[in-house]
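Q: Pasting a structure here, questions to come.
All of the numbers you see were taken from the coordinates with simple rules; none came from a lab. Just so we're clear, the structure is a prediction, and the values are computed from it rather than from any experiment. When we count neighbours, we look across all protein chains shown, and the Cβ atoms used for this are built from the backbone with ideal geometry, even at glycine.
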């Protein structure tokens with residue numbers, strides 16, 4: 001097993017394909033959910049449970065596949081989990097019942113978890129500092145594009161075929177990704193150590209990461225801001241469809257503004273990184289995110305919900321996330337070359353865990369307008385305080 005150096009473009013290409021797998025597989029499926037209720041003679045909660053099964057597998061498996069890639073290498077672990085994803089996709093495509101579909105989606109989620117952890121780990125294996133930030137920024141742009149296009153692709157597929165065709169697309173994506181990893185991803189882990197996959201090794205890795213401020217500060221800032229972003233998906237449909245009166249189709253196309261804002265932020269970040277260190281963008285980015293979050297609260301207090309009044313603050317907030325993500329991701333992993341997989345896994349789990357907590361807070365609050373005005377501003381303010389505290393300690 002050998003380490004082969006990779007160029008920024010090479011890592012960005014493979015990393016983008018890997019990191020987009022999980023979100024695309026989540027978003028591509030959503031247009032099929034109403035038809036599944038009819039075809040399986042089941043209920044909406046049962047169909048939503050298949051989504052929860054995927055998310056659970058995706059979230060929890062990250063904590064395993066990251067350390068496994070530290071123990072046995074990025075390449076074999078990526079191939080094994082991608083094969084598992086393909087098996088789950090085929091199982092979902094052929095599912096005869098909603099229970100089998102739920103199990104297949106769980107397997108899919110477990111397989112897809114390798115994308116984020118291995119993608120970030122191979123970046124850390126090859127680069128640190130500004131080069132890492134540039135690659136992370138490129139991967140972030142593609143991560144935004146994939147989930148934005150996936151629902152539209154799923155809807156178009158449903159116009160011509162039934163819901164099983166959506167899983168055919170997932171099988172095809174999994175197959176292409178398997179071939180790409182096999183052909184174009186050399187082993188980048190310089191010193192794999194099977195002891196890192198033992199219970200003691202896992203406890204040591206996660207304990208060390210959780211105690212180290214070099215990981216903790218950027219991971220918490222990123223988790224808080226992205227958790228707030230993820231929670232928007234549990235508010236915006238109710239605000240824009242139920243209250244503002246958009247049709248589901250108009251809502252779907254309208255959400256492209258959110259994705260477009262992140263992509264624009266990524267393009268601006270790429271230009272700024274030619275002149276500034278990535279870390280210099282974090283506090284201005286957090287401050288701009290706070291402006292967007294406060295504008296969310298002001299829009300609810302001063303205006304009836306409408307597409308412009310809701311999405312303009314969301315666009316500002318999302319644009320700001322693109323400024324802070326490359327540095328926070330890079331710094332959370334920079335000091336841990338021997339446990340890059342574990343660091344990537346815990347970073348991803350922190351983001352999804354924060355999103356889960358924030359979405360739970362939205363449900364607990366009950367009122368989408370009140371949640372929109374409070375949840376994101378609170379978590380963004382906490383992230384900004386952490387950023388200021390970190391600067392004072394440096």
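Q: Can you divide the C-alpha Rg of the chain by 2.2 N^0.38 Å and report the result to two decimal places?
A: Ratio of Rg to 2.2 N^0.38 Å for the chain: 0.95.
Q: I want to verify the translational diffusion coefficient of region 99-223 in µm²/s; compute it with Stokes-Einstein, Rh as the Kirkwood radius over Cα pairs, at 37 °C and 0.692 mPa s.
A: Calculated translational D: 183 µm²/s.
Q: Normalised radius of gyration for region 174-213, please: alpha carbon Rg relative to 2.2 N^0.38 Å, two decimal places.
A: Here the answer is 1.70, to two decimals.
Q: I need the semi-axes of the equivalent ellipsoid of region 91-130: take the C-alpha gyration tensor, multiply each eigenvalue by 5, square-root it, list largest first in whole angstrom.
A: Values for region 91-130, descending: 35, 7, 5 Å.
Q: I'm checking a number: the convex hull volume of the Cα atoms of region 124-182, normalised per residue, in Å³. What is it?
A: Cα convex hull per residue, to the nearest whole number: 83 Å³.
Q: Next up: Once Rh is set to the Kirkwood radius over Cα pairs, what Stokes-Einstein translational diffusion coefficient, in µm²/s, holds for region 220-362 at a temperature of 25 °C and a viscosity of 0.890 mPa s?
A: 152 µm²/s
Q: For a quick protection proxy, order the peptides 88-95, 296-303 by their average other-Cβ count within 10 Å, most packed first.
A: 88-95, 296-303
Q: If contacts are Cα pairs under 8 angstrom and at least 6 residues apart, what is the relative contact order of region 1-197 in percent?
A: Rounded, it is 41 percent for region 1-197.
Q: Could you work out the relative contact order of the chain? I mean the mean sequence separation of Cα pairs under 8 Å and 6+ apart, divided by the number of residues, in percent.
A: 26 percent
Q: Could you give the length gained on full extension between residue 87 and residue 9, defined as 0.36 nm per residue of separation minus the Cα-Cα distance, in nm?
A: 25.1 nm
Q: Eigenvalues of the Cα gyration tensor times 5, then square-rooted: what semi-axes does that give for region 34-81, in whole angstrom, largest first?
A: 34, 11, 5
Q: Pick from 184, 55, 319 the residue whose mean-square fluctuation is largest in a GNM of the chain, springs joining Cα atoms under 10 Å.
A: 184
Q: When the helix-only estimate is applied to the chain (DSSP H runs of n ≥ 4, each -39,500 (n - 2.57), divided by the residue count), what is the mean residue ellipticity at 222 nm, nearest 500 deg cm²/dmol?
A: Using -39500 (n - 2.57) per qualifying helix, the result is -27000 deg cm²/dmol.
Q: Could you run the Debye sum over the Cα atoms of region 1-69, one equal point scatterer each and no solvent, and tell me log10 of I(q)/I(0) at q = 0.26 Å⁻¹, two decimals?
A: Here log10 of I(q) over I(0) equals -1.16.
Q: Compute the label zone of residue 168 within region 68-106: residues whose backbone N is under 13 Å from the point 7 Å along Cα-to-Cβ.
A: Residues 93-94 fall inside that zone.
Q: Can you give the extra length, in nm with one decimal, that the chain gains between residue 283 and residue 251 once fully stretched, where that is 0.36 nm per residue apart less the Cα-Cα distance?
A: 8.3 nm
Q: Return P(r) of region 1-197 (all Cα-Cα pairs; 10 Å bins starting at 0; whole %; ordered from short to long distances).
A: 10, 36, 33, 16, 5, 0
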